[in-house]
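Visitor: Have a look at this one.
Bear in mind these aren't lab numbers, they're just calculated from the coordinates by the rules spelled out. As the structure is a computational prediction, the values presented were derived from the model and not from experiment. Cβ placement follows ideal geometry from the backbone for every residue including glycine, while neighbour counts extend to all protein chains displayed.
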């Protein structure tokens, strides 16, 4: 299976703290994407980073990509209760036309 | 601009029955992908449709089939339902392959 791995599987922090989630993948990619899912409903795209990029920012989100280690991290700064959700990384492997999702990290922000 | 819409929202079936799920992509999108998400798991790719053809398929049995219509809407059919088919079925649309996906809210299928 090409499915990547995410860690931790679950993360619980206090409001205002930073949250970091990690994603590892198997082979060379074209891009890596992060999605958020609230309460088991549809996923929402957060950010896309291409294989030739090392870091991207979007508001309170920061994504890094290390192709030598085949890994990515998602940092959410100054967390809010509304950030409580499951976060998934998805990879587009080279030569493929489908996104492969990881198992996700369940993030809980405590007020 | 309507996003991706899926119907029905919830569905309850019994083992052995057949089910059809429907999806309308975001306006202007021509590619539709279907995913199955079991409770507590990540979405698993079922197949992708483009120009009314199945372009790529995941590791799912032939009981899972699909169709794309000229207006880009799509259907997912599952025959001979098993208890293990109980899951959230997600439809996603996109323009260029590999760019960000827009997801519908999903259809929660329960097989009893």
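Visitor: Using only Cα atoms, what is the ratio of the radius of gyration of the stretch A:41-90 to 2.2 N^0.38 Å?
Guide: Values: Rg = 11.7 Å, N = 50, 2.2 N^0.38 = 9.7 Å.
Working it through for the stretch A:41-90, the quotient is 1.21.
Visitor: Just counting partner chain Cβ atoms within 10 Å, what average do the residues of peptide A:99-111 show around their Cβ?
Guide: Values: counts 12, 5, 8, 3, 3, 5, 0, 1, 0, 0, 0, 0, 0.
Counting Cβ atoms of other protein chains within 10 Å of each residue's Cβ and averaging gives 3.
Visitor: Can you pull the Rg over Rh of the stretch B:73-112, Cα-only, Kirkwood?
Guide: Details: Rg = 12.7 Å, Rh = 11.9 Å.
Value, to two decimals: 1.07.
Visitor: At R0 = 25 Å, how high is the FRET efficiency between residue B:54 and residue B:112 if r is their beta carbon distance? Nearest 0.05 is fine. Present the calculation step by step, with values, prior to reporting the outcome.
Guide: Numbers: r = 29 Å, r/R0 = 1.18.
That gives a FRET efficiency of 0.25.
Visitor: Continuing with this model, one more query. Looking at the stretch B:24-112 from every direction and averaging, what is the projected area of its Cα convex hull in nm²? Before the final figure, lay out the partial values.
Guide: Details: hull surface 22.9 nm².
Result: 5.7 nm².
Visitor: Any chance you could list the semi-axes, whole Å, largest first, of the equivalent ellipsoid that the Cα gyration tensor gives for the stretch B:1-66, using √(5λ)? Provide the component values of the computation, followed by the final result.
Guide: Working: eigenvalues 86, 52, 33 Å².
In descending order, the three semi-axes are 21, 16, 13 Å.
Visitor: With a Förster radius of 30 Å, plug the Cβ-Cβ distance of residue B:17 and residue A:39 into 1/(1 + (r/R0)^6) and report the FRET value to the nearest 0.05. Spell out each step's value before the answer.
Guide: Values: r = 27 Å, r/R0 = 0.91.
That pair, residue B:17 with residue A:39, gives E of 0.65.
Visitor: Quote to one decimal, in nm, the extra length available between residue A:77 and residue A:51 on full extension: 0.36 nm per residue of separation minus the C-alpha distance between them.
Guide: Working: separation 26, 0.36 × 26 = 9.36 nm, distance 2.36 nm.
Fully extending the segment from residue A:77 to residue A:51 adds 7.0 nm.
Visitor: Find the relative contact order for chain A and round it to a whole percent, using C-alpha pairs within less than 8 Å whose residues are 6+ positions apart.
Guide: Working: 275 pairs, mean separation 41.4, N = 111.
In percent, rounded to a whole number, it is 37.
Visitor: Cut-off 10 angstrom, C-alpha nodes, Gaussian network model of chain B. Which of B:71, B:59, B:79 fluctuates the most?
Guide: Its mean-square fluctuation being the largest, the pick is B:59.
Visitor: Relative contact order for the stretch A:64-111: what is it in percent, counting Cα pairs under 8 Å that are at least 6 residues apart? Present the calculation step by step, with values, prior to reporting the outcome.
Guide: Values: 52 pairs, mean separation 17.0, N = 48.
Here the relative contact order equals 35 percent.
Visitor: Other chains near A:34-46: what is the mean number of their Cβ atoms within 10 Å of each residue's Cβ? All intermediate terms of the calculation are to be shown ahead of the outcome.
Guide: On the way: counts 0, 6, 0, 7, 0, 0, 7, 8, 13, 12, 4, 7, 1.
Per residue, the number of nearby Cβ atoms from other chains is 5 on average.
Visitor: Right, something else. Need one number: % antiparallel among DSSP beta bridges in the protein assembly as shown, to the nearest 5.
Guide: Values: 75 of 84 bridges.
Antiparallel bridges: around 90 percent, rounded to the nearest 5.
Visitor: Hey, could you pull the Cα Rg and Dmax for the protein assembly as shown, both in Å?
Guide: Rg and Dmax of the protein assembly as shown, Cα atoms, are 17.4, 50 Å.
Visitor: Given contacts defined as C-alpha pairs under 8 Å and at least six residues apart, what's the relative contact order of chain B, whole-number percent?
Guide: Numbers: 294 pairs, mean separation 41.0, N = 112.
For chain B, the relative contact order is 37 percent.
Visitor: Suppose we keep just the alpha-carbon trace of chain A; what are its Rg and Dmax in angstrom?
Guide: Rg and Dmax of chain A, Cα atoms, are 13.3, 44 Å.
Visitor: Rounded to the nearest 0.05, what FRET efficiency is calculated for residue A:17 and residue B:99 with R0 set to 35 Å and r the Cβ-Cβ distance? Walk me through the numbers before you get to the answer.
Guide: Values: r = 32 Å, r/R0 = 0.92.
Calculated transfer efficiency: 0.60.
Visitor: Which whole number gives the average count of other chain Cβ atoms within 10 Å of the Cβ atoms across peptide B:95-104? Show your work: numbers first, answer last.
Guide: Numbers: counts 0, 0, 6, 12, 6, 10, 9, 4, 7, 3.
Per residue, the number of nearby Cβ atoms from other chains is 6 on average.
Visitor: Tell me, in nm to one decimal, what length is gained between residue A:58 and residue A:110 on full extension, where the rule is 0.36 nm per residue of separation less the Cα-Cα distance? Intermediate values should be presented prior to the final figure.
Guide: Values: separation 52, 0.36 × 52 = 18.72 nm, distance 2.30 nm.
Contour length minus Cα-Cα distance gives 16.4 nm.
Visitor: Modelled label-to-label distance, residue A:9 and residue A:97, 7 Å Cα→beta-carbon offset: nm?
Guide: Going by the 7 Å Cα→Cβ label model, 3.5 nm.
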